[in-house]
Structures are given as C-alpha cells and as structure tokens.
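Single-structure report; data block below.
The values are calculated or read from the model by the stated rules, or taken from the named source; none is laboratory data. Values in this document were obtained by computation on a predicted structure and should not be read as measured data. Methodologically, a virtual Cβ is constructed for each residue, glycine included, from the backbone with ideal geometry; neighbour enumeration extends over all protein chains shown. Heads up: the accessible areas ignore ligands, DNA and RNA and are worked out on the full protein's heavy atoms, side chains in. Shrake-Rupley method; radii C 1.70, N 1.55, O 1.52, S 1.80 Å.
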Amino acid sequence: ERLIRQAQEERSNCVRIVHGKGQGTDSPTIKADLDYWLRRHDQVLAFCSARPEDGGTGAVYVLLRR
C-alpha cells in the first residue's frame with residue numbers, strides 16, 4: 001500500500017515489486033497473495049511478471065492509474 005501511495009505522490013505510473021520465487025516451498029505464497037491484493041486495489045490498472053533481467057517470475061510490473 002505504501003509503495004503505491006508513494007509512487008502516486010511521485011507521479012509514477014509504473015512500479016516493480018520484487019517478491020522472490022519462493023525456492024524450497026511447496027507453493028508461491030507471496031506471489032499468490034500479491035496477485036489477490038493487486039486485483040482488488042483501486043489504483044492498479046494491470047500487472048504482469050517482469051522481464052528476466054528485472055526478476056522474471058520473482059517480480060511484477062504494476063501499472064497504476066493517474
């Protein structure tokens with residue numbers, strides 16, 4: 001929540017959230033929780049996994065409303 005608020009104050013329209021890949025766990029808990037939360041956040045327009053050089057499936061790009 002704080003990251004999105006700060007990005008809006010700085011007038012950024014895109015942020016990258018690095019959540020990690022959860023090596024050694026049975027399920028990607030943080031990624032699933034982040035997906036759930038982003039889908040319900042009013043200021044999020046879209047999100048997707050990052051490019052490999054930016055974290056791949058261990059990070060997401062988030063497009064924010066202006």
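Magnitude of the charge dipole for the chain, about its Cα centre and with charges confined to Cβ atoms of Lys, Arg (+1) and Asp, Glu (-1), is about 200 debye. Each label was represented as a point 7 Å from its Cα along the Cα-to-Cβ direction; for Cys48 and Tyr36 these points are 2.6 nm apart.
Length gained on full extension, Leu63 to Glu10, computed as 0.36 nm times the residue gap minus the Cα-Cα distance: 17.7 nm. In the chain, the portion of solvent-accessible area held by carbon and sulfur atoms comes to 48 percent [1.4 Å probe, whole percent, DNA, RNA and ligands not counted].
Over all orientations, the chain has a Cα convex hull whose mean projected area works out to 4.5 square nanometres.
Heavy atoms of the protein chains alone define the surface here; on that basis the chain has 76 Å² accessible area per residue at 1.4 Å probe size.
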